[in-house]
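See below for the structure under consideration.
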Amino acid sequence: MYPGLDHHLATAVQSYIPSISHRSSTYKKIHQETVEALQTLFGLPEGFHIFFHASATEIWERLIQNCVTRDSFHFVNGSFSKRFYQAAHELQRAAGVLEAPWGEGFVGKVAEIPGEVEMINFTHNETSTGVCTPEPYIHAHKDRFPEALITVDMVSSAPIPVLDWRQVDAAYFSVQKCFGLPAGLGVLILNERCIDKARQRAADGHTLGTYHSFLKQLPKSQAFQTVETPNVLGVYLLGKVAQDMLHRGLSSIRQEVESRAERLYAFFDQHGQWQPFVQHAEERSPTVIVVNIPEGSDPLIARLSEKGFVLGNGYGKMKGKQIRIANFPAIPEEAIDQLLAEMEKLM
Ligand SMILES: *Cc1c(COP(=O)(O)O)cnc(C)c1O
C-alpha cells in the first residue's frame with residue numbers, strides 16, 4: 001500500500017465519500033482533482049483525455065472495440081501481452097503478432113507489420129517475465145507507422161516510464177500495481193486520434209460496445225463525470241496518491257526505483273545460483289525483478305514469508321521456478337535493505 005493510504009482512507013470515510021452520489025458536485029470536484037493530478041504527473045499535452053475503467057483487462061477490450069475494424073498488431077513477450085492479443089482474436093479482429101521467448105524482449109528485432117495496420121500494441125513492463133520494452137523502441141514505431149494508433153500497457157510500471165506523447169496515442173494502467181492502491185480501477189489515457197477513429201467506426205456502422213464507447217465517455221469526462229456509477233472511492237484515492245507522488249517528485253521516485261533495481265540486479269548477478277531471468281540489461285524491468293531459483297522457489301518464498309516478506313512466485317509456467325520482487329514506489333527503501341540482508345543469510 002502506498003505510504004499514507006491509511007490517512008486518505010480515514011479522511012474519505014470521515015467525509016462520507018463512499019456514500020456520495022456520483023452525480024453530485026462533490027464527485028465532480030474529486031474527479032476533476034484526480035484527472036488534473038494525473039495530467040501533471042504524466043505531463044500530458046493538450047488533446048489527451050483520461051477515462052476510468054474497471055481494470056486494464058477491460059481497457060484491452062475497449063481499445064479494440066472502439067478503434068480497430070480489421071487488424072491490430074501485438075508485441076507479445078509473456079502472459080499479459082498475450083492476453084491482449086487473444087482478446088483481439090476473440091473480438092474477431094485479424095491480430096498480428098511478434099512473439100519473443102519468455103525472458104527476452106524486442107530490442108534489435110524488427111517486426112513485420114502490415115503497412116495499413118490500425119493499432120500497434122506494446123507492453124512496457126511484462127509482469128509475468130520482468131522484461132521491459134524500452135521507451136525509445138516503442139517511440140520509433142510512430143515514424144514508421146504514422147497512420148496506426150500506438151498503445152502502451154504500463155500497468156505494472158506507471159508512472160516510471162518516460163513516454164513521449166507525440167509518439168504514443170494511448171497508454172493505460174491499473175491502480176493496484178505501482179500506485180499501491182486497492183484494486184478496481186483501470187485508467188486509460190488517450191488522444192483525439194483514438195476518439196476520431198471511434199467516430200469514424202461509428203459513422204461506418206460498426207458497434208463500439210455499449211456503455212464504455214469512447215463517444216459516450218468523452219462528453220461525460222469533459223463534465224468530470226462517468227457514464228456509469230464509478231468506483232468513487234478508487235477515483236478519490238488515486239487522486240490523493242497522484243498528488244503525494246507529485247509532492248515527492250516524479251524524478252526522485254524514478255531515481256529511487258531505478259537505484260533499488262540496480263542494487264537488486266547487482267545482488268543476483270553476483271549470486272552463484274539465483275540469477276536474474278532477463279539477460280539484457282536494457283530490457284530488465286525496474287519494477288518487477290524476476291529471478292531464477294534452480295532449487296525451486298516455493299521453500300524460499302515460504303521462508304521469507306515467515307520474516308514478513310511477500311515475494312511473488314514465478315508466473316504461469318514459471319511457477320515454482322522463480323521469484324518476482326515488486327520494486328514499486330510504495331515499497332520503502334528499508335524493506336529492500338532488509339530483504340537483501342535476509343537473502344544473504346540464506347545464501
Ligand atoms: C496486472 C496486469 C494487467 C491486468 O490488470 P487488471 O487490472 O488485472 O486488469 C495487464 N497488463 C499487465 C502488464 C499487468 O501487469
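The values are calculated or read from the model by the stated rules, or taken from the named source; none is laboratory data. Remember, it's a predicted structure, so these values are computed and weren't measured experimentally. Cβ placement follows ideal geometry from the backbone for every residue including glycine, while neighbour counts extend to all protein chains displayed. With ligands, DNA and RNA removed, areas are computed over all heavy atoms of the protein, side chains included. Shrake-Rupley method; radii C 1.70, N 1.55, O 1.52, S 1.80 Å.
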Q: Take each uninterrupted DSSP H stretch in the chain, measure its Cα extent along the helix axis, and return the ones at 18 Å or beyond whose mean Kyte-Doolittle hydropathy is at least -0.5.
A: 25-42, 232-248, 333-346
Q: Could you tell me the accessible area of residue 321 in Å² (1.4 Å probe, neighbours in place), rounded to the nearest ten?
A: 110 Å²
(Q) Once you place label points 7 Å from the Cα toward the Cβ at residue 70 and residue 90, how far apart are they in nm? (A) 2.6 nm
Q) Assuming a viscosity of 0.890 mPa s and a temperature of 25 °C, what translational diffusion coefficient in µm² per second does Stokes-Einstein assign to the stretch 1-117, Rh being the Kirkwood radius over Cα pairs? A) 137 µm²/s
Q. Based on DSSP H runs of at least 4 residues, each adding -39500 (n - 2.57), what is the mean residue ellipticity at 222 nm of the chain after dividing by all its residues, to the nearest 500 deg cm²/dmol?
A. -13000 deg cm²/dmol
Q.
Sequence gap at least 6, Cα distance under 8 Å: using those rules, report the relative contact order of the stretch 1-106 to the nearest whole percent.
A. 18 percent
Q. Over the chain, what number does the Rg to Rh ratio reach, with both radii from the alpha-carbon atoms and Rh per Kirkwood?
A. 0.97
Q: State to the nearest 20 debye the size of the charge dipole of the chain about its Cα centre, where the only charges are +1 on K and R beta carbons and -1 on D and E beta carbons.
A: 780 debye
Q: List the residues of the stretch 229-257 whose backbone N lies under 11 Å from a point placed 7 Å from the Cα of residue 7 along the Cα-to-Cβ direction.
A: 244
Q) How big is the accessible area of residue 44 in square angstrom, nearest 10, if you roll a 1.4 angstrom probe over the protein chains? A) 30 Å²
Q: Quote the relative contact order of the stretch 207-317 in percent (integer), defining contacts as alpha-carbon pairs under 8 Å separated by 6+ residues.
A: 13 percent
Q: Just order 177-185, 92-100 by mean Cβ neighbour count inside 10 Å, highest at the front, would you?
A: 177-185, 92-100
Q: Give the carbon-plus-sulfur fraction of the accessible surface of the chain in %, rounded to a whole number; probe 1.4 Å, heavy atoms of protein chains only.
A: 53 percent
(Q) Over the chain, what is the relative contact order in percent, taking alpha-carbon pairs closer than 8 angstrom and at least six residues apart? (A) 20 percent
